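What follows draws every value from the coordinates through simple rules; no lab data is involved. Values in this document were obtained by computation on a predicted structure and should not be read as measured data. Please note: Cβ atoms are built from the backbone with ideal geometry, for glycine as well, and neighbour counts cover all protein chains shown.
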Amino acid sequence: MKICKYDGKVNLTNPCRFTWVRQLQPGIDLYTAVVWHVSLKRKIRLAYLKDSRKLNKPSYIVLFSTDLNQTADDLYRLYRLRFQIEFIFRDAKQFTGLSDCQARDAKKLDFHFNASLSALNLAKLDARRQHPSNEPFVFSMASIKRCALNDHLLDLFISRLDLEPTLIKSHPNYQSLRSHGTIAA
């Protein structure tokens, strides 16, 4: 495929010069093109996702790679996986103390990172085990943390008020109190 450096700017609002690859889901199409990137001073492979589900406001996402042999499907799949990895690091930083270590020794840092990521994996495993198999699984470490806090508070109220735990925990509204403040999936 011949790419001309001076063929004009890429118009991202109109994919007519892109090659249609496939429809990812109704209203979302995947296109591709090899274009010249001015700042990088090289050719790049673009994966262009056009979302036309809202007729009055279509939107798009542009992904790219310097590997011209990579397909648009591969780019799309790899970027989706990348965002899953980003969520793992975000949750580890916010909830399991990944960025809270002050050690400088490589072995101590290694232990800290493994402990933080292991805690996240164990929380995700526990959430997966408690999840009904007929529903899509959505994981939120914020919700796990909120449920743990709610459990602690409910146990504290039960013990301090000398209530019967079996009676309280078997009440139909108990589960809604446990999940109060969690993120709805």
*Report, by residue number, each residue of region 54-93 that is farther than 20 Å from Phe18 by Cα and either touching a Pro at 6+ places or on another chain (Cβ under 9 Å) or aromatic (Phe, Trp, Tyr) (or both).*
Phe83, Phe87, Phe89
*Which ones in region 64-123 are more than 26 Å from Ile144 (Cβ to Cβ), surrounded by fewer than 13 Cβ atoms within 10 Å (Cβ to Cβ) and under 15 Å from the mean Cα position of the chain (by Cα)?*
Arg77
*Could you list, in sequence order, the residues of region 146-185 that are surrounded by 10 or more Cβ atoms within 10 Å (Cβ to Cβ) and at positive phi?*
Gly181
*asked:* Which of the numbered conditions does Cys16 fail, given that it passes all the others? Conditions: (1) outside any strand (DSSP E or B); (2) in contact with a His (Cβ under 9 Å, 6 or more places away or on another chain).
replied: (2)
